[in-house]
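Worksheet for the structure shown next.
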Amino acid sequence: MKKIIFGFIGMFCAISAHAVDLTLISYDGNMYSVMDPAYASAGQLTMVSDIYYYYKPFERSLVLTQTEWLGDGNGQEYQAPYSPSEFYYSGITFENFDKEIGLEGDEFVLQNVADLKNQFDNWVVNNVSEIADLSMVSVSRNIVKQHNIDIYNSVFSNTRFNKDKFSVWGTTLFNSMNKSGKYDYSTNGLGVVLGADLRLSDSILIGAGYGYSNVDINVNPSDILFDTSSVFLYSKWQPNKLYVNGLVAYNFVDYEHMDSELNNGDVSALFASVMVGYKTGYGLSPEIGIRYTNIELNQNSEYLKKSKSDFYSVVAGVAYEHALGDFVLGGRALVEYDVTQPDNKVNLDVLGYKYNFEIEDTERPLGAEFGVWVGYDINNVNLQLKYDISIRSDFVNHTGKLSFGYAF
């Protein structure tokens, strides 16, 4: 067991870092007695001092150096000519640090470990943009959210209640998005949404469906391809002029950098939306509702493991429909406000350690959405042409839709 025979001189920390080459350095100025020089043989270790810890957290490797003192066989000691000695360790984490170097629970080693961990925390905060592609956090949020809004609008693009017992339908999506700012990008995407619904009673409709979209994102330093698959459940309750629309969707997303060595990854997301409306006698239907999104971004990186966020927003507006024989003309205008304003929040997992950050370039909490559609019924077939636009500060999204439905 080590015994301190000289007072604590102090520690200093230094960081030499660039991405994977990050090295944390901690200095222990204590002098530790190993053996009383009076009993030491010539050349026998009697004391160590000036211990340096050179720790590379991403490589989980440690180089420990220490100055050593030797007995001269006559009760005195001298500094070893080969000092400082070097010792190499692998598989080192902040949790097993003291155990792996054979000094488990040693208070002074733990002080140095705490010092190194503090350095690592500071480095992550100051250099997170080097290890975490924060542009992907921003991109994935907007892509996934818009994908789910397109699904919702495909299901509930009108305020009418399906009077048929059972129907199937499909919608093709043509999407374009533009985002300016620090993380600027543009997208072009194609997709399809398929669904089937069943009228359980005069006032209740339930349904289920599948959605897929393929989005090409032009963002520095490379194009990124997003493949999104979704399964969803929906329902509509309309006892009279009041109606309630609800939808829950789960998304599976893979993305790939097309022409760079950046890490690829995947996204999983849960989306839920509920809207309450009331049909007036003038074709107008005021609506209000809430949207909730939970997103987890998994980058295939040895540095960044996960980014998680969940947020919700309130939407309110009005829908309008007017029948012209077999044609139905409709439109909707909504205002959305992010209650939690989470677009600037990101929770990262770096080497298994949790960190919270704010992204500099974020959307404004207030946005607007507009949509128009025209529908035509031919016997049991319903055709619809739709266009939606979403607008926020430095952000515009366009989505065109062609829909086909068949009622049994």
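The values are calculated or read from the model by the stated rules, or taken from the named source; none is laboratory data. Since we're looking at a predicted model, the values are computed, not measured. Here Cβ is always computed from backbone atoms with ideal geometry, including for glycine, and neighbour counts include all displayed protein chains. Note: accessible area is taken over every heavy atom of the protein model, side chains too, but ligands, DNA and RNA are not part of it. Shrake-Rupley method; radii C 1.70, N 1.55, O 1.52, S 1.80 Å.
Between beta-carbons, use under 11 Å as the cut-off and find the net charge around MET275, counting Lys and Arg +1, Asp and Glu -1. The answer is +2.
Taking only protein heavy atoms and a 1.4 Å probe, the accessible area of segment 22-68 is 50% carbon and sulfur. Computed with every protein chain present, the accessible area of TYR278 is close to 110 Å² [probe 1.4 Å]. The slack between VAL231 and ASN188, meaning 0.36 nm per residue of separation minus the straight C-alpha distance, is 13.3 nm. Which pairs break 31 Å Cα to Cα here: LYS179/LYS241; LYS308/LYS386; LYS117/LYS308; LYS279/LYS386; LYS179/LYS401? From LYS179/LYS241; LYS308/LYS386; LYS117/LYS308; LYS279/LYS386; LYS179/LYS401, over 31 Å: LYS179/LYS241; LYS308/LYS386. Taking only the Cα atoms of segment 42-139, the radius of gyration and Dmax are 18.5, 72 Å.
Packing around the peptides 282-291, 21-30, taken as the average count of other Cβ atoms within 10 Å per residue, puts them in this order, highest first: 21-30, 282-291.
Net charge in the neighbourhood of SER41 (other residues with Cβ under 13 Å of its Cβ; Lys, Arg +1, Asp, Glu -1) is -3. Across the alpha-carbon atoms of segment 192-244, the computed radius of gyration and Dmax are 17.5, 54 angstrom.
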